[in-house]
Amino acid sequence: MRLNGNPLIKLMFVVLFITHGIANAQKITDTIFYNRAWQICEKPIASYYRIGTLAIDSFWFYTGKVKDFDINGQLLMEGEYNNKGDKDGLFRFYYPDGKLMISGKY
């Protein structure tokens, strides 16, 4: 099959290549540490951390369930992201004493 004669076939291969890459983004479940401004940092200077699964493609985004904690291990938030990295479903936010502050669905 010759590809150089038909631009539609070339386009189809490009689309197939791109969608294959998106569908196969690498996923890593890890703990990410954040400073007081919620910027990623090293553990020794962290104020918070998040446990969740990162999808790593041309950019990073969370997928699946995530939980945010203060550095002492107190749960602050729990929720879920869809495969595109959008908030999806019930999110719960907690006071520092562990009581439910607010919850809502995305």
Query raised in the report: Looking only at the stretch 54-106, which residues are among the aliphatic types (A, V, I, L, M), surrounded by 14 or more Cβ atoms within 10 Å (Cβ to Cβ) and closer than 21 Å to Gln26 by Cβ?
Result: Leu54, Ala55, Val66
Query raised in the report: Of the conditions (1) modelled with pLDDT under 80; (2) under 19 Å from Tyr95 (Cα atoms), Asp70 fails just one. Which one is it?
Result: (1)
Requested in this report: Might you let me know whether the stretch 47-58 holds any residue that is modelled with pLDDT of 85 or more and assigned to a loop (DSSP other than H, G, I, E, B)?
Outcome: yes
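The values are calculated or read from the model by the stated rules, or taken from the named source; none is laboratory data. On a predicted model such as this, the values are computed, not experimentally measured, just so you know. As a convention, Cβ positions derive from the backbone with ideal geometry for all residues, glycine included, and neighbour counts pool all protein chains shown.
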